[in-house]
Amino acid sequence: MSSISRISTAFAAFSMAALASVSSAEAGDNVFFSKAGGNWKGPGEIVAGKYKGTKFNCDLKGEPNPAGQAGLVLDGTCRVGIFNQPMKATIARAGNTYKGTFLDGADGKGLDIISGNVSGNKVIVGLNRKNLTGAMIARMKGADILNVTISIKVEDTYVPVIGMTLNRNLEDVAAANQ
């Protein structure tokens, strides 16, 4: 076998393995995002910074990414006292990572999702807004609890700033099953 044939065969094998790996990863990611879909309610708290101690409640709905890629659109509101704030996050697979926005993205009043990885029952995404970088970890605990932690990078350490525990809205599940 010539060197060119061996290189071509090795490249083809590598390419097929890489595609199978991405397809397998995407299938696993779709499992996570389908579990994270539905209606969620629950409390959260700002645990660091200027507004430390501020408590809020969110009512969110997760739906599959409309483009058909692995991902999720989470839309709804969070309430502090009598004030409601619209909340929306869109995350979609982009090659072997994830991209998306929180609110209207870093060009507006929100954040950009610049990277991401799904591993079993959790997703970790990288966040960016101008000079601010951070991460969000969303972890499913069973079928009906979603814990979310948002951290910002301070020097070489990630500091948690927001924590939420969302519960699946079982009233909506019961109504859908009737």
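The values are calculated or read from the model by the stated rules, or taken from the named source; none is laboratory data. Just so you know, these numbers come straight off a predicted model, no measurement behind them. Cβ sites come from the backbone with ideal geometry, for glycine too, and all protein chains shown count toward neighbours.
What the table shows:
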| quantity | calculated |
| --- | --- |
| Residue that is farthest from residue 55 (Cα to Cα) [pool: residues in region 77-104 that are free of Cβ contacts under 8 Å to residues at least 24 places away in the same chain and crowded, with 17+ Cβ neighbours inside 10 Å] | 99 |
| Matching option when the condition is within 12 Å of the chain's Cα centre (by Cα), surrounded by 14 or more Cβ atoms within 10 Å (Cβ to Cβ) and part of a strand (DSSP E or B), among 62, 163, 134 | 62 |
| Residue in region 30-39 that is exposed (fewer than 11 other Cβ atoms within 10 Å of the Cβ), at pLDDT 85 or above and part of a strand (DSSP E or B) present | no |
| Residue 109 vs. criteria within 19 Å of residue 46 (Cα to Cα) and not in a strand (DSSP E or B) | yes |
| Test result for residue 109, at pLDDT 90 or above and among the basic types (Lys, Arg) | no |
| Search result, residues across region 137-154 that are part of a loop (DSSP other than H, G, I, E, B) and at pLDDT 90 or above | 144 |
| When residues of region 65-98 are limited to those that are assigned to a strand (DSSP E or B) and at positive phi, the one modelled with the highest pLDDT | 76 |
| Test set (1) under 23 Å from residue 45 (Cα atoms); (2) exposed (fewer than 15 other Cβ atoms within 10 Å of the Cβ); (3) among the small types (Gly, Ala, Ser) - residue 67 fails condition number | (1) |
| Filtered residues of region 43-58 (kept if within 14 Å of residue 148 (Cα to Cα) and either under 17 Å from the mean Cα position of the chain (by Cα) or free of Cβ contacts under 8 Å to residues at least 60 places away in the same chain (or both)) | 44, 56, 57, 58 |
| Residues (surrounded by fewer than 16 Cβ atoms within 10 Å (Cβ to Cβ) and closer than 17 Å to residue 62 by Cα) located in region 105-121 | 121 |
